[in-house]
Amino acid sequence: MSSTSTIDTSAMDRVLRDAVGAGHAPNVVAVAADRDGIIYEGAAGPRAAGAPEPVSADSHFRIMSMTKMVGTVAALQLRDRGELEFDAPIDTYRPEFADIQVMEGFDGENPVLRPPASRATVAQLVTHTSGLSYWFWNADILKWEQATGTPNVLAGKTVIFDAPMVADPGTTFEYGINTDWLGRVVEAASGKSLDVYLKENITGPLGMAETTFVPSAEQRANLVPVHVQDKDGTWAVTEIDLPTEPEYYTAGHGLYSTPRDYLKFQRMLLGGGTLDGVEVLRKSTVDEAFTNQVGEIEFPAHIPTADPATTHDLDLGPGLKWGWGLVLTTAQQPGMRAPGSGAWAGLCNTHFWVDPASGVTGAIYSQSLPFVPPGQLQMYADFERALYASL
């Protein structure tokens, strides 16, 4: 499948087809748009390994941490409306956050905890500088979960909100359960559950009918399963999924969507907060999202894995910054997105970027673990270069 765009799509189609043919991904969908609308849709491979049905831009995916930007937009909306203060301590809205301490290490198997040097703010949740972390990129959090019998955040249990910080607020970038906490802040500030708030204020107004925390039976039947690769390179379907009845709706990873549906959200960001006459955010607020919000703190050039079954090492290179919910490109790479572009990804290998300077946005979707295998990262980069070469 490819688009009927007037641009030459052959190179992009070939990237997708070759990556699946080489076994780098079980399947792939890619989409792109400019400020006028969709300019590319393409796909390769089956929805499920060994099955005849092809994957498509209307297939449903667990978008995992691509949920984070939707939750961030919710918080930015509330800030625009004067209902949420980013500089306020988190415990202003969620008093239980005052109990969260910093873990300095372990005494045997016992975590060593101390009070944080300062009260973490809402803005630090948005920028992943609160000190909270994830198990798959922080060995101490993995050990804490094992020592305390706490399931990781994907289990959907509220006990994860007992997890300690691993650094003092405002001292470093540490990717973690920040946006899960942010979703709870949104609920407190708005007086609505997260699912209701997003539907009434973001996904509903944007016409994103396929984006949901709770897929219908029809949507679930259309869901691309998570794949893993056998030792011989064969892709196999798994039963890996998010819990169907979580104890809370999470802004960190809980949404399901389709590439075509989420592209509406990307186009809203590309349009400065407005899509088809519907304003979701002020343009000035969107501009802030694409602006460095972490000062001298760097997004790590290399993040080693603490859980190889979940993710490979992440190597995005030096010079990246963080805005509101987005990792920001600061230097031009030949044939790729312009400086000032914002992007993020989901754990099951979905990626999107928005490039305001070039007036284009794109995304690429598969559904597999572990995260960021080299072959899929190369496919992502090759697709991006082929897209820009076609413009």
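The values are calculated or read from the model by the stated rules, or taken from the named source; none is laboratory data. Remember, predicted model here, so these are calculated numbers, not experimental data. A quick note on method: Cβ atoms are made from the backbone with ideal geometry, for glycine too, and the neighbour counts reach across all protein chains shown. Side chains are part of the model used for accessible areas, which takes the heavy atoms of the whole protein and leaves out ligands, DNA and RNA. Shrake-Rupley method; radii C 1.70, N 1.55, O 1.52, S 1.80 Å.
Hull surface divided by four, with the convex hull built on the Cα atoms of the stretch 1-55: how many nm²?
Details: hull surface 15.7 nm².
Averaging across all directions leaves 3.9 nm² for the Cα convex hull.
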In units of 2.2 N^0.38 Å, the Cα radius of gyration of the stretch 339-383 is 1.18
If you average 1/r across every pair of different Cα atoms in the stretch 297-391 and take the reciprocal, what Kirkwood value do you get, in Å?
13.9 Å
So if each residue of separation counts as 0.36 nm, and I subtract the Cα-Cα distance between ALA22 and GLU298, what length gain in nm does that give?
95.9 nm
Taking the chain as the reference, fit the longest principal axis to its C-alpha atoms, fit the long axis of helix 178-190 to the helix C-alpha atoms, and give the angle between the two in degrees, 0 to 90, nearest 10.
80 degrees
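If you take the square roots of the eigenvalues of the alpha-carbon gyration tensor of the stretch 1-144 and sort them as a ≥ b ≥ c, do you get rounded (a/c under 1.5), prolate (a/b over b/c) or oblate?
Numbers: a/c = 3.71, a/b = 1.79, b/c = 2.08.
It is oblate, given that a/c is not under 1.5 and a/b is not larger than b/c.
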Given a 1.4 Å probe, how much area per residue of the stretch 9-150 is accessible, in Å²?
37 Å²
Given Cα positions, please report Rg to Rh for the stretch 119-214, the hydrodynamic radius being the Kirkwood one.
1.03
Kirkwood hydrodynamic radius (Cα pairs, Å) of the stretch 174-329?
18.2 Å
Computed label-point distance, nm, for sites GLN378 and ALA338 using a 7 Å Cα→Cβ extension
3.1 nm
Find, among the trypsin sites (Lys or Arg not before Pro) in the stretch 1-65, those assigned to loop by DSSP (not H, G, I, E, B) with at most 16 other beta-carbon atoms within 10 angstrom.
ARG35
For GLU298, solvent-accessible area (1.4 Å; no DNA, RNA or ligand), Å²:
100 Å²
What is the pair-distance distribution P(r) of the stretch 24-63, computed from all Cα-Cα distances in 5 Å bins starting at 0, with each bin given as a whole percent?
6, 22, 28, 21, 12, 7, 3, 1
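Calculated from DSSP H runs of 4 or more alone, at -39500 (n - 2.57) each and per residue, what is the 222 nm mean residue ellipticity of the chain, nearest 500? Intermediate values should be presented prior to the final figure.
On the way: 10 runs with 100 residues, N = 391.
Dividing the helical sum by the residues of the chain leaves -7500 deg cm²/dmol.
If I compute solvent accessible area with a 1.4 Å probe over the protein chains, what percent of it on the chain is carbon and sulfur?
Details: 7600 of 15070 Å².
Taking all protein chains in place, the chain shows 50 percent carbon and sulfur surface.
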Take GLU109 and ALA11, extend 7 Å from each Cα along the Cα→Cβ direction, and tell me the distance between the two endpoints in nm.
5.7 nm
Using 7 Å Cα-to-Cβ label points, what is the GLN101/ALA357 separation (nm, one decimal)?
4.6 nm
Excluding residues on the same chain fewer than 8 positions from LYS264, give the lysines whose Cα lies under 29 Å from its Cα.
LYS68, LYS192, LYS199, LYS283, LYS321
Specify whether the C-alpha gyration tensor of the stretch 262-339 places it in the rounded, prolate or oblate class, a ≥ b ≥ c being the square roots of the eigenvalues: rounded for a/c under 1.5, otherwise prolate if a/b is larger than b/c and oblate if not.
prolate
With Cα coordinates, the longest principal axis of the chain makes an angle with the long axis of helix 374-390, in degrees rounded to 10, of 60 degrees
Quick check: from the Cα gyration tensor, does the stretch 181-231 come out rounded (a/c under 1.5), prolate or oblate?
oblate
